[in-house]
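Take a look at the following structure, please.
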Amino acid sequence: MTAINKLSDTKVKNAKSKRAPYKLSDGDGLFLLVTPTGGKWWRIAYRLGGKQKLLSLGTYPAISLSMVRERRAETRRLITNGVDPSEYRKVRRDDGDGTFGAVARVLAPTEN
């Protein structure tokens, strides 16, 4: 099992841009992508249904380290329940309400 919460506020704040993008891992799929232009993007890598996926969780400093760790936990709960966090986000955005019905449509098995 990988260690989690490896980053500190100081490490995130002091991360400087380099010639190429690079990642600072916090564990359990969560990392900070630092771009050559100085942008800092929170991302989470996960596997669902045998496929590797990547989800953006926001930018630093708009999303703090503690906030993104909460988002990681929420994302992991969805994955544990077999829900693709990316699809869940799309349904919430499209329906605009995040109601039980909208969520149930994501969870419902598709008919072929």
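Laboratory data are not the source of any read-out in this text; all were calculated from the coordinates shown. What you see is a predicted model, and the numbers here were worked out from it, not measured in a lab. Positions of Cβ are backbone-derived with ideal geometry, glycine not excepted, and every protein chain shown enters the neighbour counts.
Give me the extension gain from Lys53 to Lys23: residue separation times 0.36 nm, minus the current Cα-Cα distance, reported in nm with one decimal.
The span from Lys53 to Lys23 would gain 9.2 nm if fully extended.
Also: Taking θ as phi - 60°, what are the ³J(HN,Hα) couplings along region 64-79 by the Karplus curve (6.51, -1.76, 1.60), each to the nearest whole Hz, with x for Gly and Pro?
6, 4, 5, 5, 6, 5, 5, 5, 4, 4, 4, 4, 5, 5, 4, 4
Same structure, new question: Using a cut-off of 20 Å between alpha-carbon atoms, which lysines can reach Lys23, once sequence neighbours fewer than 8 places away in the same chain are excluded?
Cross-link targets: Lys6, Lys11, Lys13, Lys40, Lys53.
Evaluate the distance, in nm, between pseudo-label points positioned 7 Å from the Cα of Asn14 and of Ser64 along their respective Cα→Cβ axes.
Distance between the two pseudo-spin positions: 2.0 nm.
Across region 43-60, in residue order, what do the Karplus-derived ³J(HN,Hα) couplings come to in whole Hz, using 6.51 cos²θ - 1.76 cosθ + 1.60 with θ = phi - 60° and x for Gly and Pro?
9, 10, 9, 8, 10, 8, x, x, 10, 7, 9, 9, 10, 8, 10, x, 10, 9
Let me ask something else about it. For Thr37, what is the net charge nearby, where nearby means another residue's Cβ is under 14 Å from its Cβ and Lys, Arg count +1, Asp, Glu -1?
+4
Multiplying the sequence separation of Arg92 and Arg43 by 0.36 nm and subtracting their Cα-Cα distance, what value in nm do you get?
Extra length available between Arg92 and Arg43 comes to 15.7 nm.
Out of region 1-93, which trypsin sites (Lys or Arg not before Pro) are coil in DSSP terms and have no more than 16 other C-beta atoms within 10 Å? Don't skip to the end; give the middle numbers.
Working: sites: Lys6, Lys11, Lys13, Lys16, Lys18, Arg19, Lys23, Lys40, Arg43, Arg47, Lys51, Lys53, Arg69, Arg71, Arg72, Arg76, Arg77, Arg89, Lys90, Arg92, Arg93; in loops: Lys6, Lys16, Lys18, Arg19.
Sites meeting the loop and neighbour criteria: Lys6, Lys16, Lys18, Arg19.
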